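Everything on this sheet refers to the single structure shown next.
Throughout, read-outs are computed from the coordinates displayed, never taken from laboratory work. Computed from a predicted structure; not experimentally measured. Counting neighbours? That spans all protein chains shown, and the Cβs are built from the backbone with ideal geometry, glycine included.
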Number of protein chains: 2
Amino acid sequence: MTDIKRQTEKALVLIVERKYKELRDLLSDMPAVDIAQLMGDLPKDIIPLVYRLLPKELAAETFVEMDTDMQETLIQAFSDLELKEVLQQLFLDDTVDIIEEMPANVVKKILKNSDPSMRRDINEVLHYPKDSTGSVMTNEYVDLRAGMSVQDAFKRIRRVAVDRETIYTLYVTDDDRKLLGVVTAKTLMLAEPDDLISEIMETNVIYSLTTDPKEDAAEKITKYGLLAIPIVDTEERLVGIVTVDDAIDVIKETNEDEFAKMAAVSPSDDSYFRTSVPKHVKNRVVWLLVLMLSGIITGAMLNHFEEAIAAVPALVGFIPMLMDTTGNSGNQASTLVIRGMAMGEIKLKDFFKVWFKEIRVAACIGVLLGIVNCVRVLIQYNSDPDRLKFAIATSCTLLLAVCLAKSFGVILPMLAKKLKLDPAIVASPMLTTVCDICTILIFFTFATRLFKL
Amino acid sequence: MTDIKRQTEKALVLIVERKYKELRDLLSDMPAVDIAQLMGDLPKDIIPLVYRLLPKELAAETFVEMDTDMQETLIQAFSDLELKEVLQQLFLDDTVDIIEEMPANVVKKILKNSDPSMRRDINEVLHYPKDSTGSVMTNEYVDLRAGMSVQDAFKRIRRVAVDRETIYTLYVTDDDRKLLGVVTAKTLMLAEPDDLISEIMETNVIYSLTTDPKEDAAEKITKYGLLAIPIVDTEERLVGIVTVDDAIDVIKETNEDEFAKMAAVSPSDDSYFRTSVPKHVKNRVVWLLVLMLSGIITGAMLNHFEEAIAAVPALVGFIPMLMDTTGNSGNQASTLVIRGMAMGEIKLKDFFKVWFKEIRVAACIGVLLGIVNCVRVLIQYNSDPDRLKFAIATSCTLLLAVCLAKSFGVILPMLAKKLKLDPAIVASPMLTTVCDICTILIFFTFATRLFKL
């Protein structure tokens, strides 16, 4: 049984002690991703040295797992022969991933050291639109012919398996590369040697088009529990596959984008550290500007109540509390609705069902918050003759504003979706402004009546 | 090639026309998950009728894909014999999932119709702590012995494959069920028939313990690109496996929890609609209360500047804009830091690196927002003699407060992590309060100086 942590520590000791033979033996037994992680902690000048200790295949696997900076360092350090060897071991989708991240001079070096057929494949994948299934697929699948026997199929698998990304789903094509069906390795293993592929293949194939967004392939893999999905062009010709591990990457990336959008940040392809300061500024400043300028409306609202404020300045003290509470109430509802829609649980036709639920939740929360607030105001202002008026104005505002905030939290994202806009981007900044305005309007309406201003 | 949408529409027509023979043929060719989805749109009383048309194996697969309400309806409608047949087809982890969601009387009916060995297995899995790998694993794996030849292994696989969840990773155990190694179906297919399993197995096994959190298994599956991970007990005995499709479910669930926490909602196991109103209230009211009460501090702050407000009430009009803008600035930073830490990109030792980056981003954003704000204030208040003072006070506040907000957006989550608290839960509500306080303090400090109050 493995203990990765202990192995890593041992490897670091061996590097310091320059015991390279033992280090090589140790590394040969470690998973590629752990070696890559270990190398991330080494000083830059030792990395090529350690890398060259790895057996060829493991070296390529480790290379794929490294972060872009380390890959660049290594490619710069490689001789042409070394680079050629690594490239030969890589799967097409990994090579394309690397190329997309590298500066022009490194890309040139990579392409120079690829053989012509590899260069053609790379260019083909690079040619698909960004974020399409075509751009993340690989062409290292095993294809079979309908007329083959199971025995023939096994022979073919054994011959080509070594450099294919998966051999557990096999694709049956005709002379024109048209996809006729799929057969799993399990079906093959359970079939008789003389059975024909055409007899045992599944013809009801789940697939994605090269031009579909990559999320489509990932969703289908998840929904149907697949290990890989075939990617076909508009003429139903098989051009590649996307495997389940790539689907997981797509899911994670999509999630990161959703998180970014929820925080009013434009999603970025790069990781936090690799995004430059100007890029970070660009990703964030737009929504802040929108929010800031929409604050003009709220400000105008408040200026409208200038006389009331001048007469009872203590009212202002309640504004942040009221704004934060209703803003957060609305945000809770909108997040749940946005996620529910993204997950497919909440559909547009559920509008009234959702709204009815939220309004009941809001009423309960509003009453609870109102009571707690009432008590704390009465205690905190117990020497103020107006304390009851403060308590009533704020508690009533909480109840009403929370109900409105939760309602807008349902309405805005669903309206955005209905208008085919991105709910996460459109709904959040608008919600803040709408909630602020409602809160102030309600609060000062109550206050002016109660204080007879 | 399949067109699921068209198939579904056709099926609905056949149901209305009561053409059950054609419907059966159509359904037999459809993926289970699509049948389950289709049935979700049918009136409740037709569901059992349509379900009974399905071939046995497909029926069980479809059953697993249904939502809990529909499963309950069906179990209630099943005869004992029908239920027994479905249960026999289910994998252990799916059965356990269903049992965990059902009310007591349905669980009783399920257990009554399970055979004794199944009941024992169910109880064993139910016995593991909630959210541990043990609670999501299945025991339907294929185990091999080290002394078997490749040929023997294939024979064993062919014999048991039908009711195993995966046959692509095979587990080598000794007489005491101790896990000795794993071997993939690919390795088996590429090996010679007479090779011994002990010669070709991988002994450096990645595994999880039954008591590890289920995220541990999911992370390892993702990190190492596995199709399944073995789960062992404290004595290194193999007790089950978790497959990649379950790992994807865990990843999605974890993400939903993170989203909920970001919106100040306690994560819920149930879906939106299945969560009752009181449960929704409970999940949301706690953080709203915390936020509301922390608003007391901000309020006290403002009351402190009561005289200034009474003298220049127009100052109040800027408060919402300033609070929203800095709050959002801080939120952007904290979200990126929290996600970066969750993804493993940002580590505690990176504190200064992150902070330095954020402070530069904040300075740029602060200057940009300051300039835009200055222009709009000068235009909007162009008849006001104090317009320059307003512009300077607000723009300087923006610059300073954004820098502080972004700094707190780094400090609070990383401090939470350092204290082994959940950054997403602790950092967000605190950040709002801290940003509000800073903003008000800075704004009124500038204002009182400029207006000589």
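The packing ranking of peptides B:403-412, A:162-171, highest mean first, is B:403-412, A:162-171, where packing means the average number of other beta carbon atoms within 10 angstrom of each residue. Per-residue 3J(HN,Hα) values for the stretch A:416-427, derived from phi via the Karplus relation 6.51 cos²θ - 1.76 cosθ + 1.60 with θ = phi - 60°, read 4, 4, 4, 7, 6, 9, 7, x, 5, 7, 6, 5 Hz in sequence order (x marks Gly and Pro).
In terms of Cα atoms, the Rg and Dmax of the stretch B:4-127 work out to 14.9, 48 Å.
Is the C-alpha gyration tensor of the stretch A:240-331 telling us rounded, prolate or oblate? Criteria: a/c under 1.5 is rounded; beyond that, a/b larger than b/c is prolate, otherwise oblate. Prolate, since a/c reaches 1.5 and a/b exceeds b/c.
Within 10 Å of the Cβ of each residue in B:247-259, the mean number of Cβ atoms contributed by other protein chains is 4. The distance separating the Cα centre of the stretch A:158-192 from that of the stretch B:159-183 comes to 23 Å. Legend: calculated FRET efficiency, B:Leu81 to B:Asp152, from the Cβ-Cβ distance at R0 = 41 Å, rounded to 0.05, equals 0.65. Per-residue shielding of A:341-348, expressed as the average number of other chain Cβ atoms within 10 Å of the residue Cβ, stands at 2. Note on the stretch A:55-122: along the principal axes its Cα atoms extend 26, 24, 22 Å, ordered by decreasing extent. Of the peptides A:426-432, B:113-119, the order by per-residue mean of other Cβ atoms within 10 Å, starting with the highest, comes out as A:426-432, B:113-119. When restricted to Cα atoms, the stretch B:277-450 yields an Rg and a Dmax of 17.8, 54 Å, respectively. Per-residue Cβ neighbour counts within 10 Å put B:Ser135, B:Ser79 in the sequence B:Ser79, B:Ser135, beginning with the fewest. Using Cα positions and a limit of under 21 Å, work out the lysines in reach of B:Lys389, with same-chain residues fewer than 8 apart set aside. Partners within reach: B:Lys452. In a DSSP loop and with at most 12 other Cβ atoms within 10 Å, there are no chymotrypsin sites (Phe, Trp or Tyr not before Pro) in the stretch A:8-65.
Rounded, prolate or oblate: which fits the stretch A:1-47 when a ≥ b ≥ c are the square roots of the eigenvalues of the alpha-carbon gyration tensor, with rounded for a/c under 1.5 and prolate only if a/b beats b/c? Taking the square roots of the gyration eigenvalues as a ≥ b ≥ c, the stretch A:1-47 is oblate. By the compact-protein rule of thumb, 2.2 N^0.38 Å, the alpha-carbon radius of gyration of the stretch B:143-243 corresponds to a ratio of 1.04.
Applied to the stretch B:12-27, the Karplus parametrisation 6.51 cos²θ - 1.76 cosθ + 1.60 on θ = phi - 60° returns per-residue 3J(HN,Hα) values of 4, 4, 4, 5, 4, 7, 6, 8, 6, 5, 5, 4, 4, 4, 5, 4 Hz, with x for Gly and Pro. If you take the Cα centroid of the stretch B:229-291 and the Cα centroid of the stretch A:64-140, the two points sit 38 Å apart. State, to one decimal in nm, how far the label point of A:Asp386 lies from the label point of B:Ala104, with both points 7 Å from Cα in the Cβ direction. Rounded to a tenth, the inter-label distance reads 5.6 nm. Proximity of backbone amide H atoms, modeled 1.01 Å from N, is registered between B:Gly181 and B:Val172 at under 5 Å, excluding neighbours fewer than 5 places apart on the same chain. By definition, a body whose alpha carbon gyration tensor gives a ≥ b ≥ c is prolate when a/c is 1.5 or more and a/b is larger than b/c, and the protein assembly as shown fits this prolate description.
Averaged over peptide A:328-340, the number of partner chain Cβ atoms lying within 10 Å of each residue's Cβ comes to 5. Loop-resident trypsin sites (Lys or Arg not before Pro) (DSSP state other than H, G, I, E or B) in the stretch A:14-54 with no more than 12 further Cβ atoms inside 10 Å of their Cβ: A:Arg18, A:Lys44.
Qualifying trypsin sites (Lys or Arg not before Pro) in the stretch B:174-263, where qualification requires a DSSP coil assignment and no more than 15 other C-beta atoms within 10 Å, comprise B:Arg177. In units of the rule-of-thumb radius 2.2 N^0.38 Å, chain B shows an alpha carbon radius of gyration of 1.35. Since only B:Val205, B:Ile46, B:Val402 are under comparison, the one whose Cα sits farthest along the positive direction of the charge dipole of chain B, derived from C-beta charges on Lys, Arg, Asp and Glu, is B:Val402. The share of Cα pairs per 5 Å bin across the stretch B:182-313, counted from zero up to the longest distance, runs 2, 8, 12, 11, 10, 10, 9, 8, 6, 6, 5, 4, 3, 2, 2, 1, 1, 0, 0 percent. The charge dipole of chain A, taken about its Cα centre with unit charges on the Cβ atoms of Lys, Arg (+1), Asp and Glu (-1) only, comes to about 2020 debye. 3J(HN,Hα) along the stretch B:433-444, derived from phi through the Karplus expression 6.51 cos²θ - 1.76 cosθ + 1.60 where θ = phi - 60°, amounts to 4, 4, 5, 4, 4, 4, 4, 5, 4, 5, 4, 6 Hz, with x in place of Gly and Pro. Between B:Leu421 and B:Asp41, the C-beta separation translates, for a Förster distance of 56 Å, into a calculated FRET efficiency of about 0.80. With R₀ set to 51 Å, the beta-carbon distance separating A:Asp194 from B:Leu293 gives a calculated FRET efficiency near 0.10. Positive contributions from Lys and Arg (+1) and negative ones from Asp and Glu (-1), summed over other residues with Cβ under 12 Å from the Cβ of B:Thr73, come out at -3.
With respect to chain A, whose longest principal axis is taken over its alpha-carbon atoms, helix A:68-77 is tilted by about 30°. Please list, in order, the residues from the stretch A:33-58 whose amide nitrogen is less than 18 Å from a point placed 7 Å along the Cα→Cβ vector of A:Phe273. So the set is A:33-48.
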